[in-house]
Amino acid sequence: MKKTLFKFFCFTAVISAVLFSAGCAVSPVAREAGAVYELTVLHTNDHHGTVLSKNGVAGLAERASFVKSVRASRHNVLVLDAGDINTGSALSNMFDAEPDILAYNLIGYDAVTFGNHEFDKSLSVLHGQMRRSVFAWLSANIKKSDGSYLGAPFLIKDYEGFRVGIIGLTTRRTTVIASPDKDLIFTDEIEAASAMVKQLREKEKCDVIIVLSHLGSEAEAAGQNTSIMLAEKVAGIDLIIDGHSHTYFPEPEIVNGVPVVSANEWGKFMGEGLLTISDGAVTGFEWSPVEITSGAFPPDAEMEALLRPYVEEADAELKEVVMRTGAEFEFGNKLSRYKEIALGDLVSDAQVWYVRDKGLEVDFGFCNGGNIRAPLPAGDVTKENLLTVLPFENYLYVLTLKGSDVIELFDFIGTIPRGSGAFPQVSKEVRYTLVYSQDGSGYISGVTVNGQPLEPEREYRIVTNDYLAGGGDGYGILTRSTDTFNTSMLLSDVVIEYVKTLPQPVMPVTDGRISISEDSGI
């Protein structure tokens, strides 16, 4: 483990603990004056259904091996997750994250906070997950209409020499980017944290306060509280474990004397922290992100046995027929890079359908033609066929752009050379003409969205893949988004679900959303 000691943090934490403990009764746990105690904290976030390793990276069986190795050498080990267990791989989605929950039980997680993706399905599904869980589900800022908490606001763990309080927080953006039950109320995260820290310090007499903060380290939209703001505004916290932003932290970010850490995403890393505690206060902290690979941590046999029935059933479903076509959806010599094709229409329309089905409004969707890699056969189409068309692990993102930026986006599209993987396929809400000159250069004209010309002053919501959202293929304009949301759904899974809803057989037709015109120069 990388040794990173923050003495200035320790001084701040000690002072904070003393202030909160002033006037309180004797600690409820036995300890020896001056003795130094240790707590190892292992943590993940944004798991998103990553049951199996990919090219030897991540995987629940590999994670289990790592945790076992730590427990074999450490006395006090606390295992935590900062939210978003749900929504990601087809394997996890198929079983409503049952294999994930059972795997977390086997690993021995102590607590998980609710992430926004825990609310992608009905509350009854979430309640089922909670019933299967041996670990605690936490959030101090989610209540039911009767005033009770959805899970628990905090968890208290007693060790020899010290007491630990773990608080959960869930971003209020959940009400915008997911579909939580109407019975649930999301309160201000900072206010909830302040009240819980006060209660844990003064009433419950906790020596160590850890916050599982599914708030994100970076703001996606105006008015969003982040884990950084939490550290700035709430005194008495010893460690913040962040989720939601999928951030890779090579080392802790120290904010107001408080370390903020995150373990990236999908179980590719597991954070490993070591807290030292003496006389009821944190005196030191070491932390590093540990990469979880099958080379370093061979799959745990007990975990593989638990997961095997789910994997076998999922593999069998790759042969499931999900669609019937009236003719082949052609791909030819990479036609998706040259013109509108039926496959491009299908993929782009699926993106819009998925987001709207989740209750979110978007204006249009698009994808890069280079993302489409094969035709669909005439007749029966299986999941395996669709995964061949869309082999990349691209995730669906929703962006918000000013109209002036959208105008610039389409101007850029007009300059993309024919045959480039950046050539877009667009959803049915869009219409435009690409005009190519004799020298091969191009420009765009007649753009409409939902039948209306683009308005520079209004905002547009766009759904696309994570590669383009990050500026890939030259789409840097998309990084100007003022409100970015990662649905954490694979594009391929979205398309699979979409085609099941279509009247069968599906015909490979286009509707003229992209027109191609040659400028003769006359």
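The values are calculated or read from the model by the stated rules, or taken from the named source; none is laboratory data. Small disclaimer: the values here were computed from a predicted structure and weren't measured. All Cβ positions, glycine included, derive from the backbone under ideal geometry; neighbour counts span all protein chains shown. SASA here: full protein model, heavy atoms, side chains in, ligands and nucleic acids out. Shrake-Rupley method; radii C 1.70, N 1.55, O 1.52, S 1.80 Å.
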With Tyr338, Tyr310 as the choices, which residue is at pLDDT below 95 and not small (Gly, Ala, Ser)?
Tyr338
From Val447, Val463, Val435, Val494, residue being within 30 Å of Gly243 (Cα to Cα) and part of a strand (DSSP E or B)
Val463
Scanning for something open to solvent by 30 Å² or more (accessible area, probe 1.4 Å), closer than 23 Å to Ala374 by Cα and either small (Gly, Ala, Ser) or over 22 Å from the mean Cα position of the chain (by Cα) (or both), does segment 436-459 turn up at least one residue?
no
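From Thr487, Thr482, grab the single residue that is over 14 Å from Asp349 (Cβ atoms), in contact with a strand residue (DSSP E or B) (Cβ under 7 Å, 6 or more places away or on another chain), open to solvent by 10 Å² or more (accessible area, probe 1.4 Å) and among the hydroxyl-bearing types (Ser, Thr, Tyr). Working first, answer last.
Working: Thr487 fails: open to solvent by 10 Å² or more (accessible area, probe 1.4 Å).
None of the other options fit; the residue is Thr482.
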For Lys205, which of the numbered conditions (1) more than 18 Å from Thr44 (Cβ to Cβ); (2) open to solvent by less than 30 Å² (accessible area, probe 1.4 Å) fails to hold?
(2)
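Scan Arg131, Arg63, Arg71 and give me the residue that is touching a strand residue (DSSP E or B) at 6+ places or on another chain (Cβ under 7 Å), open to solvent by 50 Å² or more (accessible area, probe 1.4 Å) and not hydroxyl-bearing (Ser, Thr, Tyr).
Values: Arg131 fails: touching a strand residue (DSSP E or B) at 6+ places or on another chain (Cβ under 7 Å); Arg63 fails: open to solvent by 50 Å² or more (accessible area, probe 1.4 Å).
Checking each option against the conditions leaves just Arg71.
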Please determine, by comparing only the residues of segment 368-419 that are outside any helix (DSSP H, G or I) and among the aromatic types (Phe, Trp, Tyr), which one is surrounded by the most Cβ atoms within 10 Å (Cβ to Cβ).
Tyr397
Which residue is farthest from Asp493 (Cα to Cα), if the candidates are limited to segment 75-114 and must be open to solvent by 10 Å² or more (accessible area, probe 1.4 Å), modelled with pLDDT under 95 and not polar (S, T, N, Q)?
His75
Conditions: (1) open to solvent by 30 Å² or more (accessible area, probe 1.4 Å); (2) under 24 Å from the mean Cα position of the chain (by Cα); (3) within 21 Å of Cys367 (Cβ to Cβ). Thr433 meets all but one. Number of the miss?
(2)
Could you tell me whether segment 280-295 includes any residue that is at pLDDT 95 or above, open to solvent by 20 Å² or more (accessible area, probe 1.4 Å) and of a type in the set (A, V, I, L, M)?
yes
Can we say Ile516 is surrounded by fewer than 17 Cβ atoms within 10 Å (Cβ to Cβ) and either assigned to a helix (DSSP H, G or I) or in contact with a Leu (Cβ under 6 Å, 6 or more places away or on another chain) (or both)?
yes
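Within the bounds of segment 467-483, is there any residue that is more than 18 Å from Glu518 (Cβ to Cβ) and assigned to a strand (DSSP E or B)?
Residues of segment 467-483 that are more than 18 Å from Glu518 (Cβ to Cβ), as a first pass: 467-483.
Still in the running and assigned to a strand (DSSP E or B): none.
For segment 467-483, residues more than 18 Å from Glu518 (Cβ to Cβ) and assigned to a strand (DSSP E or B): absent.
On the basis of being open to solvent by 20 Å² or more (accessible area, probe 1.4 Å), in a loop (DSSP other than H, G, I, E, B) and closer than 26 Å to Asp279 by Cα, does Ala235 make the cut? Outline the logic, then answer.
Numbers: open to solvent by 20 Å² or more (accessible area, probe 1.4 Å): yes; in a loop (DSSP other than H, G, I, E, B): yes; closer than 26 Å to Asp279 by Cα: yes.
Yes: the conditions hold for Ala235.
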I want to confirm something. Restricting to segment 302-331 and keeping residues that are free of Cβ contacts under 8 Å to residues at least 40 places away in the same chain and among the small types (Gly, Ala, Ser), which single residue is nearest to Ser65 (Cα to Cα)?
Ala305
Which numbered condition Gly147 misses (of (1) more than 30 Å from Ala30 (Cβ to Cβ); (2) open to solvent by less than 60 Å² (accessible area, probe 1.4 Å); (3) among the small types (Gly, Ala, Ser); (4) in contact (Cβ under 8 Å) with a residue 12 or more places away in the chain)
(4)
Every residue from segment 208-230 that is buried (at least 23 other Cβ atoms within 10 Å of the Cβ) and of a type in the set (A, V, I, L, M, F, W, C):
Val208, Ile209, Ile210, Val211, Leu212, Leu215, Leu230
For segment 248-257, indicate whether the set of residues that are among the aromatic types (Phe, Trp, Tyr), at pLDDT 95 or above, surrounded by 18 or more Cβ atoms within 10 Å (Cβ to Cβ) and not in a strand (DSSP E or B) is non-empty.
yes
Out of (1) among the hydrophobic types (A, V, I, L, M, F, W, C); (2) surrounded by 14 or more Cβ atoms within 10 Å (Cβ to Cβ); (3) assigned to a loop (DSSP other than H, G, I, E, B), what's the single condition that is false for Ala314?
(3)
